[in-house]
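Trainee: Sharing a structure below in C-alpha cells format, with a few things to ask.
The values are calculated or read from the model by the stated rules, or taken from the named source; none is laboratory data. Given the structure is predicted, the values throughout are model-derived calculations rather than measurements. When we count neighbours, we look across all protein chains shown, and the Cβ atoms used for this are built from the backbone with ideal geometry, even at glycine. Remember, those area values only see protein heavy atoms, side chains included, never the ligands or the DNA or RNA. Shrake-Rupley method; radii C 1.70, N 1.55, O 1.52, S 1.80 Å.
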Amino acid sequence: MSTVTIDPRMITALRNFPFTPIRGLDIEPVLADLRREEPVSRITLPYGGDAWLVTRYEDVRAALADQRLSRAAVVNKDVPRRQKMLVGPEGIMYMDPPDHSRLRRLLTKAFTKRRVEQLRPRVEEIAAELAGNLASQGSPADLVAHYSWPLPTRVICELLGVPYEDREVFRRGADALMQGDTLPHAEFTSRVNELCFYIMDLIARRRTSPSDDMLSALIQARDEGDRLTEQELVSLTVVLLAGGHETTANQITNFVYTLLRHPAQLALLRERPELLPRAVDELMRYIPLGTGHHAAMIATEELEIGGTTIAEGEAVYVHIHSANHDATAFADPERLDLTREDNHHMGFGHGVHFCVGAQLARMELGVAVKALVDRFPTLELGIEDDAIAWRASLLVRGPLELPVRW
C-alpha cells in the first residue's frame, strides 16, 4: 500500500480551526489527511490562541477518558475557543470529578435501560400520533415542524414535568444555547435568561406541589446527605431540556434525510426491521451532529497523546466526527452500513462525560424511524439538496425544514 504524502505547507495553511465552511452533513476533507499525517496537530482557534487537535479514534478515546484533561478549567477562562463568549456558567458539562460524579449519579437513575424501556410504549404512542398528524398535512409536508421537533419535545416535557404549552419559552432558550455566538449577544442573553427564570419559577412551583416527574425527584434528591444547590438544579434542568429535545430532534431529521439519500440501505431496513438497533448506532457514527467539539479541555499536568507531549496548561480539542470516520477503527468508514457489527462509535461521547441520556436517545431515534418507515412506505425527499437551509452550530446541525412526500 502506498503512503500518501502531504505537502507540509498545505497543513500549515489549514491550521486555522475550523478549517473550512461546512454545509449540510459534510465532514471537512482535511481531517482524513490529518489522521494520516498529523493526528495530533497544532491549530489556531478564532479566540484565545492555539490548541492541540486530536483526530484519530484511539487518541480521541484516550483523551476523553484521561482525567488529567479538565473541563472545569475552561469555565470563565480566556482559553482557546471557537466562540467569542467564555464558557459558563458552570454546569455538569463543565465539571470534573468528584463534583461531576455526584450530579451524574443522580441523573443516571432516571436513564437506566429498564426505565427507558418502561417509557417505550408512550414514546411509540406519541410517534404514531405525530406520524398521523404528518399524513394529515398532505404531501408534501415539513418533517421538522410536524414530526422531528414535537416528538422529543413532548417526551422530555412529560419526563421532566414541564408543561408542553410552555414549549416556545424553552425552545427559544435551548436554541440560543445551541447557536451560541451566531446570535447577537443581547438576544442570546435575553433568551437564556428567559429560560433560566422560567425554570426557577417551575422549580418553586414543584417545591410546593410535587408531582411524579423527574424535576420533582431532582428537587428532593439527596446524594451523600447533600441536596442539589439551586444553581445545580437550574443548570441540570437546562441541560436536560436542551439536550433532551434539540439534539434528538435534529438527529431524527438527519437520520431520515440520510436514509432517503441511501435508498438501498432504507430498503434493507424495511426488509429486515430487526436491524433497527444497529441502524441507530451506524447513523450516529456516520452523521456528524455538530460542527466539531465546542469546548477545549485543559491539561492539568504534562501528558502524552498519540506520541505527542501536551504541556501542563495547554488546551486540547478532540474531533469526535473525525474519530468516527477513522479507517483504523471502522472498515470502509465513509460507507453507511446498517449491518455493521461491534460499532463502538463515539456519537454519544466517551468517558465520564458519556451522554447520560444515550439510552433514551437511542430508543427515541429508533421509535421515530420505525414509525415513519411503517406509516410511509413510499416516503421520499420533497426538496433538492441545494435548496435545503441548514442549521450549522457548534452543537447541532440539520435541516431547518425538510419537506417530504409520499
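Trainee: Step by step: first the residues of the stretch 73-109, then only those that are open to solvent by 50 Å² or more (accessible area, probe 1.4 Å), out of contact with any strand residue (DSSP E or B) (no Cβ under 6 Å at 6 or more places or on another chain) and within 20 Å of Ala186 (Cα to Cα), then the one that is modelled with the lowest pLDDT. Which residue is that?
Mentor: Pro89
Trainee: Moving on. Take the residues of the stretch 110-159 that are of a type outside the set (A, V, I, L, M) and touching a Gly at 6+ places or on another chain (Cβ under 6 Å): which is least open to solvent (accessible area, probe 1.4 Å)?
Mentor: Phe111
Trainee: Can you tell me which of Thr208, Thr229 is β-branched (Val, Ile, Thr), surrounded by fewer than 20 Cβ atoms within 10 Å (Cβ to Cβ), free of Cβ contacts under 8 Å to residues at least 12 places away in the same chain and over 30 Å from Met85 (Cβ atoms)?
Mentor: It is Thr208.
Trainee: Follow-up question, since we're still on this one. Just give me the residues in the stretch 285-308 being modelled with pLDDT of 95 or more, on the phi < 0 side of the Ramachandran plot and either open to solvent by 10 Å² or more (accessible area, probe 1.4 Å) or over 13 Å from the mean Cα position of the chain (by Cα) (or both), in sequence order.
Mentor: Of everything in the stretch 285-308, those that are modelled with pLDDT of 95 or more, on the phi < 0 side of the Ramachandran plot and either open to solvent by 10 Å² or more (accessible area, probe 1.4 Å) or over 13 Å from the mean Cα position of the chain (by Cα) (or both) turn out to be Tyr286, Met297, Ile298, Ala299, Thr300, Glu301, Glu302, Leu303, Glu304, Ile305, Thr308.
Every residue, every condition in (1) touching a helix residue (DSSP H, G or I) at 6+ places or on another chain (Cβ under 7 Å); (2) farther than 25 Å from Arg61 by Cβ; (3) β-branched (Val, Ile, Thr), yes or no:
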residue: Gly313; (1), (2), (3): no, no, no
residue: His325; (1), (2), (3): no, no, no
residue: Pro333; (1), (2), (3): no, no, no
residue: Leu365; (1), (2), (3): yes, no, no
residue: Ala371; (1), (2), (3): yes, yes, no
residue: Glu380; (1), (2), (3): yes, yes, no
residue: Val396; (1), (2), (3): yes, no, yes
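Trainee: Looking at (1) without any contact (Cβ under 8 Å) to a residue 24 or more places away in the chain; (2) touching a Pro at 6+ places or on another chain (Cβ under 9 Å), which is the one condition that is false for Asp342?
Mentor: Answer for Asp342: the failing condition is (2).
Trainee: Which residues, taken from the stretch 281-320, are outside any loop (DSSP other than H, G, I, E, B) and hydroxyl-bearing (Ser, Thr, Tyr)?
Mentor: Result: Tyr286, Thr308, Thr309, Tyr317.
Trainee: For the stretch 245-260, give me the residue count where each residue is aromatic (Phe, Trp, Tyr) and open to solvent by 10 Å² or more (accessible area, probe 1.4 Å).
Mentor: 1
Trainee: What are the residues in the stretch 267-283 that are open to solvent by 10 Å² or more (accessible area, probe 1.4 Å) and either farther than 22 Å from Pro403 by Cα or small (Gly, Ala, Ser) (or both), if any?
Mentor: Hits for the stretch 267-283 are Ala267, Leu268, Glu271, Arg272, Pro273, Glu274, Leu276, Pro277, Arg278, Asp281.
Trainee: Hey, Val30 hits all of (1) touching a Phe, Trp or Tyr at 6+ places or on another chain (Cβ under 8 Å); (2) over 30 Å from Thr328 (Cα atoms) but one; which does it fall short on?
Mentor: (2)
Trainee: Which residue is surrounded by the fewest Cβ atoms within 10 Å (Cβ to Cβ), if the candidates are limited to the stretch 32-58 and must be touching a residue at least 60 places away in the same chain (Cβ under 8 Å) and over 26 Å from Leu86 (Cα atoms)?
Mentor: Ranking the qualifying residues of the stretch 32-58, first place goes to Glu58.
Trainee: Of all the residues that make up the stretch 160-183, how many are among the β-branched types (Val, Ile, Thr) and crowded, with 20+ Cβ neighbours inside 10 Å?
Mentor: So the count comes out to 1.
Trainee: Can you pull out every residue in the stretch 214-226 that is open to solvent by 30 Å² or more (accessible area, probe 1.4 Å) and of a type outside the set (A, V, I, L, M, F, W, C)?
Mentor: Gln220, Arg222, Glu224, Gly225, Asp226
Trainee: What single numbered condition from (1) in contact with a Pro (Cβ under 7 Å, 6 or more places away or on another chain); (2) of a type outside the set (Gly, Ala, Ser); (3) in a loop (DSSP other than H, G, I, E, B); (4) open to solvent by 40 Å² or more (accessible area, probe 1.4 Å) fails to hold for Val352?
Mentor: (3)
Trainee: Can you tell me which of Ala323, Ala264 is among the small types (Gly, Ala, Ser) and either loosely packed, with under 15 Cβ neighbours inside 10 Å or in contact with a Gly (Cβ under 9 Å, 6 or more places away or on another chain) (or both)?
Mentor: None of the other options fit; the residue is Ala264.
Trainee: Checking Ala186 against (1) of a type in the set (A, V, I, L, M); (2) open to solvent by 70 Å² or more (accessible area, probe 1.4 Å); (3) outside any helix (DSSP H, G or I), only one condition comes out false. Which one?
Mentor: The single condition Ala186 does not satisfy is (3).
Trainee: Being touching a Gly at 6+ places or on another chain (Cβ under 9 Å), modelled with pLDDT of 95 or more and open to solvent by 50 Å² or more (accessible area, probe 1.4 Å), is that true of even one residue in the stretch 386-398?
Mentor: no
Trainee: Also, quick follow-up: Would you mention how many residues in the stretch 205-258 are among the small types (Gly, Ala, Ser), farther than 30 Å from Leu143 by Cα and in a helix (DSSP H, G or I)?
Mentor: Residues meeting the conditions: 3.
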